[in-house]
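Structure record follows, encoded as structure tokens.
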Amino acid sequence: MAMYNTKVMEHFTNPHNVGEIENADGIGTYGSPVCGDMMQISIKVEDDVIVDAKFKTFGCGSAIASSSMATEMIIGKTIDEALSMTNKQIVDELGGLPPVKIHCSVLADHAIKSAIYDYAEKNGKTYAGLEGFDPNAEEDDHHHDIEEEE
């Protein structure tokens, strides 16, 4: 247990924003074939501001903590602010993750972008932060702000 700090353990044992938003404006699901973790993030948007976000995650403690923190971080943010968030900011807000678990923050980041992508598609909107984004790309195809150590 010593590999996880108090904040990560708090978000793992008492995750925030668990569940699914009924009639969500956007839903993003993403999983990693490498580790088997799956995340779904649903968002409610009003006037281009994310007013609610919920998650369902099948995965390890780091995946659950990353999802919990990520949803907390985007509530109240504009779509553009949420799109500019990085996996490094999620890790920093959690107070760090073990190097082998950094990919969990990447999954959360991708699930958020996928939910916003879904929202944009449904509403005919375009956002600079989604330029070149492919919600169906494999994890290995994405740039990581923090390099994973083997």
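Since every read-out is calculated from the coordinates, none of them should be taken as a lab result. Predicted model only: the values in this text are computed from it and were never measured. Note that each Cβ is placed from the backbone with ideal geometry, even for glycine, and that neighbours are counted across all protein chains shown.
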Where in the stretch 48-75 is the amide nitrogen less than 16 Å from a point lying 7 Å along the Cα-to-Cβ axis of Met3? 59-66
By its C-alpha gyration tensor, with a ≥ b ≥ c as the square roots of the eigenvalues, how is the stretch 6-123 shaped: rounded for a/c under 1.5, else prolate for a/b larger than b/c, else oblate? prolate
Could you pull out the pairs from Lys7/Lys125; Lys7/Lys54; Lys101/Lys122; Lys7/Lys122 whose alpha carbons sit more than 31 Å apart here? Lys7/Lys125; Lys101/Lys122; Lys7/Lys122
Test of understanding: ordering Cys60, Cys104 by Cβ neighbours within 10 Å, fewest first, what list do you get? Cys60, Cys104
Determine the dipole magnitude for the stretch 6-123: charges of +1 sit on the beta-carbon of Lys and Arg, -1 on that of Asp and Glu, nothing else is charged, the reference point is the Cα centre, and the result goes in debye to the nearest 20. 480 debye
Please figure out what share of the DSSP beta bridges in the chain is antiparallel and state it in percent, rounded to the nearest 5. 95 percent
Contact order relative to length for the chain, counting C-alpha pairs under 8 Å separated by 6 or more residues, stands in percent at 27 percent
Enumerate the amide H contacts of Gly31 below 5 Å, restricted to partners 5 or more residues apart or on another chain; note that Pro and chain-start residues carry no placed amide H. Met39
For Asp80 and Asp48, extending 7 Å from Cα along the Cα-Cβ vector and measuring point to point gives, in nm, a value of 0.6 nm
Quick one: if you stick a label point 7 Å off each Cα along the C-beta vector at Phe58 and His16, how many nm between them? 2.7 nm
